[in-house]
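The values are calculated or read from the model by the stated rules, or taken from the named source; none is laboratory data. In this text the structure is predicted, and so the values were computed from the model without any measurement. Only protein heavy atoms, including side chains, enter the accessible area calculation; ligands, DNA and RNA are left aside. Shrake-Rupley method; radii C 1.70, N 1.55, O 1.52, S 1.80 Å.
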Amino acid sequence: MRTVRARSALIIMSALLLAVAASESEVDCGAMRTKELRKWLAARGLKCEGCAEKADYVTLCEQNKDAPLLPPEEPPADAGKGKDQSIEDLLASMKGMPGMEGIKMFTADDLKNMNPEQMGASMGGRGGRKSRAEWRDELVDFYSRYGLDDKIAGVDAALDKWKGRESRMFDALYKKYDVEIRAKSDAAAKDEV
């Protein structure tokens, strides 16, 4: 009786193994979704270069039905660090990334030891607010430099109008007097030659 049960269990197990093996070899590529096809192909180390539609993936799947599965990749040794990694380690790991070449990385200590002017200057700002006298001097210098001496009388009125938006005022001035600025720089370039 035991031998009959053991034999029947063995027969059932082998039938299940054959069914599983047959189902793996009989992949219905057309029934899979595109995401499933990409996963199926990736598990076999295949990439569908230039595939734009599902039909392209199905074709590649059909051509490679007998491709063996690749062994699963082992996670890197430092993959478990994740949450335990300090901010300094994260910033240091970003230094070699594409697009991060010219970017200054600041640590918390760097920021704590900076005053607002230093922060503004190191992060691309103009380094704090200028006083009205500084804006006035800069505007007078602008008008003098580009031969717009007739505008100097209206400097105080312009500063009143643009109070708090002086940097925008200079952007507008550079745009408005672009021709004069270019003419002056062209003349200076010719004088150098």
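Give just the number: which of (1) open to solvent by 80 Å² or more (accessible area, probe 1.4 Å); (2) at pLDDT below 70 does LYS95 not satisfy?
Only one criterion in (1) open to solvent by 80 Å² or more (accessible area, probe 1.4 Å); (2) at pLDDT below 70 is unmet by LYS95, namely (2).
Counting only residues that are under 28 Å from MET114 (Cα atoms) and open to solvent by 50 Å² or more (accessible area, probe 1.4 Å), give me the helices (runs of 4 or more DSSP H) lying completely in the range 127-193 with at least 1 of them. Steps first, answer last, please.
Working: elements: 132-145, 155-161, 166-176, 178-192.
Of the helices (runs of 4 or more DSSP H) lying wholly inside the range 127-193, those with at least 1 residues that are under 28 Å from MET114 (Cα atoms) and open to solvent by 50 Å² or more (accessible area, probe 1.4 Å) span 132-145, 166-176.
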